[in-house]
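Student: Submitted below is the structure of interest, expressed as structure tokens.
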Amino acid sequence: MKRNKRYTIKDREFFESEFDRLLGVLVRHTAHFDSYIGMQLHWLADYYKFNLGDLLNPKKAPMQKRLIKLKSVAKRAFQPAGKQAVAEFNEWFIQIDKVRALRNDYVHGRWGVPGKLRGDENAPMSEAELILTFVPLSWSVSQDSVSVETELTLNEFAQQIDDAVKLFGQYSKLSEKYLPFMRLGTDGLN
């Protein structure tokens with residue numbers, strides 16, 4: 001996909017298929033990342049002797065609960081690495097929770113592909129840029145809770161997906177960076 005390209009009516013078929021591909025990339029990488037979180041928790045539970053309970057049952061515990069547990073374990077485990085390490089992990093957990101929420105919204109929300117055309121009113125319609133529109137899932141019929149529509153170019157959507165995929169790999173890099181300082185098992189996390 002060419003970045004910074006304006007997609008117009010003549011690009012509609014590519015626009016639609018590229019949107020589908022990118023949404024699939026987000027879903028696939030999120031699933032791989034969730035699996036990785038589960039493996040990390042399984043490994044850490046052996047060292048720290050905590051009960052995983054239903055955390056590794058995807059029918060009973062969503063990824064958000066696994067992330068919450070991983071955050072609490074990582075905070076304690078990497079605390080000996082110092083304030084910088086704890087700050088980096090905290091920032092990563094803030095960002096990954098935003099990505100998790102975005103993925104949930106994007107998978108369950110309603111998309112217009114394209115949803116709108118953007119262009120100069122004096123230019124021919126064939127020159128108008130195709131725009132994605134998104135509305136989060138909601139069944140509320142109250143006028144006070146009308147969902148706000150978000151507009152994105154295909155390039156902006158692609159950048160969000162790229163940023164999310166990169167963020168998934170950063171936990172592993174942070175862990176490796178601070179692994180020599182990690183306090184393992186004998187103290188537990190209690």
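The values are calculated or read from the model by the stated rules, or taken from the named source; none is laboratory data. As the structure is a computational prediction, the values presented were derived from the model and not from experiment. Glycine gets a Cβ as well: all are built from the backbone with ideal geometry, and neighbour counts include every protein chain shown. Note: areas computed on protein heavy atoms with side chains; ligands, DNA, RNA excluded. Shrake-Rupley method; radii C 1.70, N 1.55, O 1.52, S 1.80 Å.
Student: Take the range 138-157 and flag every residue that is part of a helix (DSSP H, G or I) and under 18 Å from the mean Cα position of the chain (by Cα).
Tutor: Initial filter on the range 138-157 (part of a helix (DSSP H, G or I)): 143-145, 154-157.
Selection gives Leu154, Asn155, Glu156, Phe157.
Student: Can you tell me which residue among Arg3, Arg100, Arg76 is out of contact with any Leu (no Cβ under 6 Å at 6 or more places or on another chain) and modelled with pLDDT under 90?
Tutor: Values: Arg100 fails: modelled with pLDDT under 90; Arg76 fails: out of contact with any Leu (no Cβ under 6 Å at 6 or more places or on another chain).
Checking each option against the conditions leaves just Arg3.
Student: Within the range 21-46, which residues are closer than 30 Å to Glu156 by Cα and either touching a His at 6+ places or on another chain (Cβ under 8 Å) or free of Cβ contacts under 8 Å to residues at least 24 places away in the same chain (or both)? Quick ask: steps written out before the conclusion?
Tutor: Residues of the range 21-46 closer than 30 Å to Glu156 by Cα: 21-37.
Answer for the range 21-46, where residues must be closer than 30 Å to Glu156 by Cα and either touching a His at 6+ places or on another chain (Cβ under 8 Å) or free of Cβ contacts under 8 Å to residues at least 24 places away in the same chain (or both): Arg21, Gly24, Arg28, Ala31, Ser35.
Student: Let me ask something additional. Of the residues Lys49, Lys69, only one is open to solvent by 50 Å² or more (accessible area, probe 1.4 Å), of a type in the set (D, E, K, R), in contact with a helix residue (DSSP H, G or I) (Cβ under 8 Å, 6 or more places away or on another chain) and in contact (Cβ under 8 Å) with a residue 24 or more places away in the chain; which? Before you say what the answer is, go through the steps one by one.
Tutor: Details: Lys49 fails: in contact with a helix residue (DSSP H, G or I) (Cβ under 8 Å, 6 or more places away or on another chain).
Just one listed residue meets the conditions, Lys69.
Student: Still on this structure: Which numbered condition trips up Asn190, out of (1) open to solvent by 80 Å² or more (accessible area, probe 1.4 Å); (2) modelled with pLDDT of 95 or more?
Tutor: (2)
Student: Mind listing just one residue for me: the one in the range 113-126 that is outside any strand (DSSP E or B) and touching an Asp or Glu at 6+ places or on another chain (Cβ under 8 Å) and, of those, least open to solvent (accessible area, probe 1.4 Å)?
Tutor: Gly119
Student: Quick test for you: out of Leu130, Leu179, pick the one residue that is of a type outside the set (Phe, Trp, Tyr) and within 30 Å of Ile9 (Cα to Cα). I'd like the intermediate steps shown before the answer.
Tutor: Numbers: Leu179 fails: within 30 Å of Ile9 (Cα to Cα).
Sole residue among the options that is of a type outside the set (Phe, Trp, Tyr) and within 30 Å of Ile9 (Cα to Cα): Leu130.
Student: Right, another one. Please go through the range 10-34 and give me each residue that is open to solvent by 70 Å² or more (accessible area, probe 1.4 Å) and over 30 Å from Pro58 (Cβ atoms), ordered by number.
Tutor: Narrowing the range 10-34 to residues open to solvent by 70 Å² or more (accessible area, probe 1.4 Å): 10, 12-14, 20-21, 28, 32.
Scanning the range 10-34 gives Lys10, Arg12, Glu13, Phe14.
Student: A further question follows. Considering the range 139-161 alone, what residues qualify as being of a type in the set (Ser, Thr, Tyr) and in contact (Cβ under 8 Å) with a residue 60 or more places away in the chain?
Tutor: If the condition is that a residue be of a type in the set (Ser, Thr, Tyr) and in contact (Cβ under 8 Å) with a residue 60 or more places away in the chain, then Thr153 is the only one that fits.
Student: Within the range 132-166, count every residue that is crowded, with 17+ Cβ neighbours inside 10 Å and of a type in the set (Phe, Trp, Tyr).
Tutor: Final tally of qualifying residues: 2.
Student: Also: Among the numbered criteria (1) part of a helix (DSSP H, G or I); (2) in contact (Cβ under 8 Å) with a residue 60 or more places away in the chain; (3) touching a helix residue (DSSP H, G or I) at 6+ places or on another chain (Cβ under 8 Å), which one does Asn4 miss?
Tutor: So Asn4 meets the others, but not (1).
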